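For reference, the structure discussed in these notes is given below.
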Amino acid sequence: QVQLVESGGGLVQAGGSLRLSCVASGSIFSINAMGWYRQAPGKQRELVATVTSGSSTNYVDSVKGRFTISRDNAKNTVYLQMNSLKSEDTAVYYCNADIKPMYGRWFRAYWGQGTQVTVSS
């Protein structure tokens, strides 16, 4: 069984920083892209950033220059460093990974349970 577990959320003042982590564990054969999504109250879940297994990155325009996504393939972990946080960054942040389980035939998307990030103005 494969699990994604996020950590690092919390309450921070505007202009501050937080670092989110997400560890994939279980019977994993291979991981392709990993990423972070977020969902604010009353809004749809949106893509924040992704990183491929070769460390190519992609960001939504609203976080470019402020957020940095990275991964440690040896630890099956993806990070999201969030700087210069704004009140509009307040949301539940979800980790996502494209994983082929040890006994599975295909890659599929797995999700973490989410971690709350609240930015006070």
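The values are calculated or read from the model by the stated rules, or taken from the named source; none is laboratory data. The structure presented is a predicted model; accordingly, all values stated were derived computationally and were not measured. Here Cβ is always computed from backbone atoms with ideal geometry, including for glycine, and neighbour counts include all displayed protein chains. Quick note on the areas: whole protein, heavy atoms, side chains included, nothing else; ligands and nucleic acids left out. Shrake-Rupley method; radii C 1.70, N 1.55, O 1.52, S 1.80 Å.
Summary table below
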read-out	value
Residue in region 91-108 that is in a helix (DSSP H, G or I) and closer than 14 Å to Ala24 by Cα present	no
Matching residues, region 12-65, being closer than 24 Å to Gly104 by Cβ, without any contact (Cβ under 8 Å) to a residue 60 or more places away in the chain and of a type outside the set (A, V, I, L, M)	Ser25, Tyr37, Thr50, Thr52, Ser53, Gly54
Count of residues meeting criterion [open to solvent by 60 Å² or more (accessible area, probe 1.4 Å) and free of Cβ contacts under 8 Å to residues at least 40 places away in the same chain] in region 90-113	3
1 or more residues in contact with an Asp or Glu (Cβ under 6 Å, 6 or more places away or on another chain): qualifying strands (runs of 3 or more DSSP E) within region 1-70	18-26, 28-39
Whichever residue in region 47-89 is at pLDDT below 95 and touching a strand residue (DSSP E or B) at 6+ places or on another chain (Cβ under 8 Å) and, among such residues, is surrounded by the most Cβ atoms within 10 Å (Cβ to Cβ)	Ser53
Flag for Gly42 being loosely packed, with under 12 Cβ neighbours inside 10 Å, in contact with a Leu (Cβ under 9 Å, 6 or more places away or on another chain) and over 12 Å from Tyr93 (Cα atoms)	no
